[in-house]
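In what follows, a structure is listed as structure tokens, so that the remarks can point back to it.
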Amino acid sequence: MKTWQDATALYVQNERERIESNIEQAKKLVGDSELGELAKQEIQSLEQELGKLEELLKPNRKGGQVPPESKNAIMEIRPAAGGLEAALFAGVLLRMYTMYAQNQGNLIEITNISENEIGGIREASFIIEGAFSRLKHESGVHRVQRVPETESQGRIHTSTVTVAVLPEATEVDFKIDEKDLRVDVYRSSGAGGQHVNKTESAIRITHIPTNTVVTCQDNRSQIKNRERAMIILQSKLADYYQAQADKEYADNRKTQIGTGDRSERIRTYNFPQGRITDHRIGKSIHNIESFINGDIGDMIEALADYVNT
């Protein structure tokens, strides 16, 4: 069995070769009258990247490897029970996590989003830089109680949205056999902008043995979409096979996703009372507008403290 040190050394070796190759290519352009200055900037950036890479081999790292908790967070949001209102609240959650990431100074990349006719979200997937340790407890069913925008009688509705959070995997974590993949290329759909919809840049990758499907369409570059889709697929499959190896796959997925039923919730957002309650730790916050605008740090810290005690 490979140790963390073995896996890290292999990863660093492969990345070092890639970076050094890119540096050599950039050096060839330094004398170019038009591209010379860009080449110098690229070399500087690559050398900084190389320096960070070497940090992974220092012995004061946990096992010589950045721990999984420090990885990027891959998140997926899908409406469950509640029809159009659930789709609208899925959009609220996407905005909430986006604003939280921005407030924390973390980069966020939307990899796939599908909207309905009234601006709600059918599904969304995105990556938040270095946030897995903070956001991993957001997995589960989020319940909302409010008067929907689509309700003319002023009645309070209850809807649910599922959130899944996975650590971003690397090839060190899991290697995919290309022959197990089916790749479909098509035109992006939805409100993606004219450049997105005019070219076949969207990618759908299916891992045939497990029927795991990943779609990425938010970038105008087919190559970029494929790269991000492969990263998400690696992460999903790493989680899938690890859970199977531990003989806890079914329980883990039910714990994380549930069925989306209104009764299976980790958190309730009660708009009439202005209250958010996390049912796992019994904590309530009475400032719902601030919370859905990304001020979720207190809840995240409370969950971390509960788990670590």
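The values are calculated or read from the model by the stated rules, or taken from the named source; none is laboratory data. Keep in mind that this is a model prediction, so the values were computed, not measured. Cβ: placed from backbone, ideal geometry, glycine included. Neighbour counts: every protein chain shown.
In region 252-274, the count of residues that are at pLDDT 70 or above and aromatic (Phe, Trp, Tyr) is one or more. With respect to the conditions (1) surrounded by fewer than 21 Cβ atoms within 10 Å (Cβ to Cβ); (2) farther than 18 Å from residue 234 by Cα; (3) among the hydroxyl-bearing types (Ser, Thr, Tyr); (4) at pLDDT 85 or above, residue 206 falls short on a single one, namely (2).
Within region 108-119, the residues that satisfy the criterion of being assigned to a strand (DSSP E or B) and of a type in the set (A, V, I, L, M, F, W, C) are 108, 110, 113.
Hey, among the residues in region 219-236 that are more than 15 Å from residue 183 (Cβ to Cβ) and at pLDDT 70 or above, which one's surrounded by the fewest Cβ atoms within 10 Å (Cβ to Cβ)? Only one residue fits best here, namely 236. Residues in region 120-147 that are in a strand (DSSP E or B) and surrounded by fewer than 19 Cβ atoms within 10 Å (Cβ to Cβ): 122, 123, 145. In this structure, is residue 54 modelled with pLDDT of 85 or more and among the charged types (D, E, K, R)? It is false that residue 54 is modelled with pLDDT of 85 or more and among the charged types (D, E, K, R). Tell me yes or no: at least one residue of region 57-73 is under 17 Å from the mean Cα position of the chain (by Cα), closer than 30 Å to residue 120 by Cα, surrounded by 14 or more Cβ atoms within 10 Å (Cβ to Cβ) and modelled with pLDDT of 85 or more. Checked region 57-73: at least one residue is under 17 Å from the mean Cα position of the chain (by Cα), closer than 30 Å to residue 120 by Cα, surrounded by 14 or more Cβ atoms within 10 Å (Cβ to Cβ) and modelled with pLDDT of 85 or more. Yes or no: region 288-296 includes at least one residue that is closer than 14 Å to residue 146 by Cα, surrounded by fewer than 14 Cβ atoms within 10 Å (Cβ to Cβ) and not aromatic (Phe, Trp, Tyr). Yes, region 288-296 contains at least one residue that is closer than 14 Å to residue 146 by Cα, surrounded by fewer than 14 Cβ atoms within 10 Å (Cβ to Cβ) and not aromatic (Phe, Trp, Tyr).
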